[in-house]
There are 2 protein chains.
Amino acid sequence: MIKEGVQGAAAVAEEDPQAQSKKAQKKQQKEAEKAAKKAEKQAKLAGDQKTEEEDDFAKDRYGVAAMVQSQEKMDRSLVLVKDLSPARADELIWLRARVHTSRAKGKQCFLVLRQQQFNVQALVAVGDRASKQMVKFAANISKESIVDVEASVRKVDQKIESCSQQDVELHIERIFVISQAEARLPLQLEDAVRPEGEGDEEGRATVNQDTRLDNRVIDLRTTTSQAIFRLQSGVCQLFRDTLNKKGFVEIQTPKIISAASEGGANVFTVSYFKTSAYLAQSPQLYKQMCICADFDKVFCVGPVFRAEDSNTHRHLTEFVGLDIEMAFNYHYHEVIDSITDTMVQIFKGLRDNFQTEIQTVNKQFPSEPFKFLEPTLRLEYKEGLAMLREAGVEMGDEEDLSTPNEKLLGRLVKEKYDTDFYVLDKYPLAVRPFYTMPDPNDPKNSNSYDMFMRGEEILSGAQRIHDAQLLTERAMYHQIDLEKIKAYIDSFRFGAPPHGGGGIGLERVCMLYLGLHNVRQTSMFPRDPKRLTP
Amino acid sequence: MIKEGVQGAAAVAEEDPQAQSKKAQKKQQKEAEKAAKKAEKQAKLAGDQKTEEEDDFAKDRYGVAAMVQSQEKMDRSLVLVKDLSPARADELIWLRARVHTSRAKGKQCFLVLRQQQFNVQALVAVGDRASKQMVKFAANISKESIVDVEASVRKVDQKIESCSQQDVELHIERIFVISQAEARLPLQLEDAVRPEGEGDEEGRATVNQDTRLDNRVIDLRTTTSQAIFRLQSGVCQLFRDTLNKKGFVEIQTPKIISAASEGGANVFTVSYFKTSAYLAQSPQLYKQMCICADFDKVFCVGPVFRAEDSNTHRHLTEFVGLDIEMAFNYHYHEVIDSITDTMVQIFKGLRDNFQTEIQTVNKQFPSEPFKFLEPTLRLEYKEGLAMLREAGVEMGDEEDLSTPNEKLLGRLVKEKYDTDFYVLDKYPLAVRPFYTMPDPNDPKNSNSYDMFMRGEEILSGAQRIHDAQLLTERAMYHQIDLEKIKAYIDSFRFGAPPHGGGGIGLERVCMLYLGLHNVRQTSMFPRDPKRLTP
């Protein structure tokens, strides 16, 4: 049986079992008491309702529904909020949505009902379809609860500016609570979408990042989060669709690896039965093996792990790698061209199909539209260096770019070429990994490149050494223990085509495309040295 | 910088540094000697060639090419083997391929040149385009080496049965080695594709699984492996395309989790900076959180980890999960219908677009075509039980299916309904995890299901409990430490729609669709309690 995850949640942490069991007992008792109290309260509510029911003609038109436990198949189709338009005027429809806000006003209660990024105004008013008890009930439904409503769609004369469905409202005739939210929310959605700074000026709250992440289930409901992660889903789809069209094969590479096959610093250790193993820092060895195994062009999308104690806006300990590797014929620029074209297809796809999401994110986090050229701008490292020096930076020829210099160069490139995306080619050999192919025309250079979005690196790649002998030499030069990389080197002993590739960080691409400033905003459940939950 | 994987392969294992360094030195010395010998040998070869060159009119038409190091961009287009047909007769073309076999015969040398699953016969013959030295050179190229050839395409009168391109052969005019394979291969490709049993009869070798897996780079080059993993890539694509069309959103869930949020037995421990963490046994908590966060319908494709010490044909410690979770309206059969339709779309896509791959695998591993019904057959657990009892099996009403009983039931279902795919619905509550929604109409049953292909389970799923109170009660009944699953339960406190889902094992789907018998055949780099490499 493939068992699913949460089951058998027996002790994992190795605490004193007795202490733990006492603690657990106490907790469970507390939980049980809480549950009892809640049940009591509900009974009271039900009782209250009962006394009022006697003179309530609408008593069957509202209430807390029995838990949906698949009691029966119901022949009721639910309309989506986004499909509500004047075309449906005067139809009586059912829909399921969250109570976004509610406001009682005399004999009426105005609700805003929400589905993802769409919402609509709804009204329960005392009349022949609703009693005053029903209006009171509606007014008391806690925010974020899920309700089923039967309602008549009405065209409105004046646009409802505060809702996505501006031309209609709903006149509710029945309302049932499907799932009740606790009254006290850990954060308010309207605070969570307030543009930075705006809150300060008007004395209104914004929500800090840790509160958001601690309560991610609610934070992800905001229009901004919905837009970010729908766009992220789109990036993955565009990446794969483009590569599938180019004849790439998708591969699945192992994440648990033995030390010997890959090695490396900043690696997480896993206890593996009676031995130790490691979490892959990239699928590189495996995608190269696939090239040596004749798959010709491969890609993979999956988690990569970095045990770096970096607490910055752009480092995660676990992120999603969009990895590419391909054989080429004579020049690694064939690889660069494939990758940049893939990026351009992604940018175009986002621009053409995700405008709503982009606009939504921009409302909270304003940024300039992302600019790119066709074909992609490719500069040599030494050209970049010259631009930086001209701007007053002092740097050696074989020195790597610091983060501030990367950003500065990004600004200089933007000024000069009007693009937010470019390739920096031919890095100094000295700053690249041992498996990087040296430049045949200049021993200090290498056939390697980085790609940048808005001045931040999103991809690092190179032509790889495909010759076991040269690879051995280069590893020795780097004083790498050959024993530890034997499997890697051996992969190239039985005929290996020239090849190259690169790894793209998904969260960075989304962050930088949208002009956001923290990679945690584009990771659903980010992991960093200080955060492992939720 | 996003650094790629193999770099900085400094010590990971904590050995005595001095001993290690000595060992490393010795190794490196040995490697250096080996390299020197090889260089010497190559120099000798080059020398030999030189003495013969003087009277060799074809001396510029063959040789070992300089390593492709992107010296220059070459304006030469390479033709693919699969595109070679009589339509190109008498064209002079360039192509790059592996030397699959070579056989010298007097003044001729016959080569079979291979690209993935395609191959073509090629001939170098002494004449005005090739000298006897050139023929000798070609005959000496080691198998699996990669060569560039310039050749004239010739139509043949008699079909070449042993090649995929049966109607043409190549008359080679130039041949250069691009990457030389070592002469001694750890396994022969022709042995690796020999149907099981056939080798025994004819006294010819087959390759055992460990040899294959130890030398995966070569084993993956076989037509069978190429077909299996191209089909696997297709399964992923079909899965996602189908779900994207249905409005699902792709999500990325973390693999490193804190104990408290998920818990569970059979979990791998990771050391995480100064604390410990665990590898996710499924993305279930996270996909459920996404449902509670209004993503409505989500899927993810990614590794899942099981620290089970099971050494069977169908268990891996790391496999690829195709996971689905969705909100539904009134009955969890909406979820079953979505999943079974997705599976049917995959089966159809494979049947319609991967016939070549299926046939290729069948040549080595014969099996019956995979059968499925539309709509998918859904049986209740008690019906399955009745069929088993009728066949003589003794089982209690609330007992889980053993593996042999699963297989037997698969055979009974196939006989009765002529399908290799079906759903078993309404498992006894007692054999399912605590978060499974009980059946409202029968307290001993649950709203849960498994799906089977050729009698083996490929998916386990259920309606989940979306109510924090009921979830608490069920966890307490299962004596689960509530503290450890607090984050899980809290996810449902702020309004949660009814929802359900399931997790599919990619490797199992591929294995069972193709009628293979070991999940290691459909995992590129399988992980089990005894295997961590390559």
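Distance to the B-onto-A rotation axis is smallest for one chain B Cβ; residue and value in angstrom are B:VAL270, 3. Charging the Cβ of each Asp and Glu at -1 and of each Lys and Arg at +1, and nothing else, the dipole of the range A:259-414 about its Cα centre rounds to 580 debye.
For the range B:419-507, what relative contact order do you get, as a whole percent, if you take Cα pairs closer than 8 Å and at least 6 residues apart? Across the range B:419-507, relative contact order equals 27 percent. Each label was represented as a point 7 Å from its Cα along the Cα-to-Cβ direction; for B:SER85 and A:GLU182 these points are 6.7 nm apart. Over chain B, DSSP H runs of length four or greater, each weighted -39,500 (n - 2.57), average out per residue to a 222 nm ellipticity of -10000 deg cm²/dmol.
If only the Cβ of Lys and Arg carry +1 and only the Cβ of Asp and Glu carry -1, the dipole of the protein assembly as shown around its Cα centre is close to 620 debye.
Quick check for me: using +1 on Lys/Arg Cβ and -1 on Asp/Glu Cβ, what's the dipole size of chain B about its Cα centre, in debye to the nearest 20?
Working: 73 positive and 81 negative charges, 386 e Å.
I would put it at about 1860 debye.
For the segment B:477-488, counting C-beta atoms of other chains within 10 Å of every residue's C-beta and taking the mean gives 5. The share of accessible area on the range B:396-442 that comes from carbon and sulfur is 47 percent, using a 1.4 angstrom probe. The alpha carbon centroids of the range A:127-186 and the range A:484-513 are separated by 54 Å. Rolling a 1.4 angstrom probe over the protein heavy atoms with all chains in place gives the range A:223-522 an accessible area of 31 Å² per residue. Using only the Cα atoms of the range A:75-179, build the gyration tensor, take square roots of its eigenvalues as a ≥ b ≥ c, and label the shape rounded, prolate or oblate: rounded if a/c is under 1.5, else prolate if a/b is larger than b/c, else oblate. Verdict is rounded for the range A:75-179. Were the residues from A:MET74 through A:ASP309 laid out at 0.36 nm apart, the gain over their Cα-Cα distance would be 79.3 nm. Remark: the range A:75-179 carries 45 Å² of accessible area per residue (probe radius 1.4 Å; ligands, DNA and RNA excluded). The amide H of A:ASN445, built 1.01 Å from its N in the peptide plane, has A:LEU429, A:ASP439 as neighbours under 5 Å, considering only residues 5 or more places off or on other chains. Label-to-label distances for A:MET67 across copies, nearest first, come out at 6.6 nm, using points 7 Å from Cα in the beta-carbon direction.
Only protein atoms count toward the accessible area here, which uses a 1.4 Å probe; on the range B:75-179, the carbon and sulfur part of that area reaches 44 percent. Neighbouring Cβ atoms from other chains, within 10 Å of the Cβ of residues in A:333-340, number 1 on average. Take every pair of alpha-carbon atoms less than 8 Å apart whose residues are at least six positions apart; their mean separation over the length of chain A yields a relative contact order of 12 percent. Mean separation of Cα pairs under 8 Å and 6 or more residues apart, divided by the residue count, gives the range B:75-179 a relative contact order of 32 percent. Chain B and chain A together bury an accessible surface of about 14400 square angstrom, both sides counted, with a 1.4 Å probe and no ligands or nucleic acids included. Of the residues B:LEU350, B:ALA496, B:VAL361, the one whose Cα sits farthest towards the positive end of the charge dipole of the protein assembly as shown is B:ALA496 (charges of +1 on Lys and Arg Cβ, -1 on Asp and Glu Cβ, taken about the Cα centre).
Take each residue in B:351-364, count the other chain C-beta atoms within 10 Å of its C-beta, and the mean is 0. Which of rounded, prolate, oblate describes the range B:281-383, given a ≥ b ≥ c as roots of the alpha-carbon gyration tensor eigenvalues and a/c under 1.5 marking rounded, otherwise prolate only if a/b is larger than b/c? Judged from the Cα gyration tensor, the range B:281-383 comes out oblate (a/c at least 1.5, b/c at or above a/b). Between A:LYS30 and A:ASN266, the contour length at 0.36 nm per residue exceeds the Cα-Cα span by 80.7 nm. Note on A:ARG389: accessible area is roughly 100 Å² with a 1.4 Å probe, heavy atoms of protein only.
Projecting the Cα atoms of B:LEU95, B:SER85, B:GLN121 onto the charge dipole of the range B:75-179 (Cβ charges, centred on the Cα centre) puts B:GLN121 farthest toward the positive pole.
Taking K and R as +1 and D and E as -1, what net charge do the other residues with C-beta under 11 Å from the C-beta of A:GLU398 add up to?
Net of charged neighbours comes to 0.
Taking other residues whose beta carbon is less than 10 angstrom from the beta carbon of A:ASP148, and scoring Lys, Arg as +1 and Asp, Glu as -1, yields +2. Full extension of the chain segment joining A:LYS107 with A:GLU196 gains 28.3 nm, where the gain is 0.36 nm per residue of separation less the Cα-Cα distance.
The values are calculated or read from the model by the stated rules, or taken from the named source; none is laboratory data. Owing to the predicted nature of the structure, the values given are computational and were not obtained by experimental measurement. Glycine gets a Cβ as well: all are built from the backbone with ideal geometry, and neighbour counts include every protein chain shown. We work out accessible area using only protein heavy atoms, side chains counted, and drop any ligands, DNA or RNA first. Shrake-Rupley method; radii C 1.70, N 1.55, O 1.52, S 1.80 Å.
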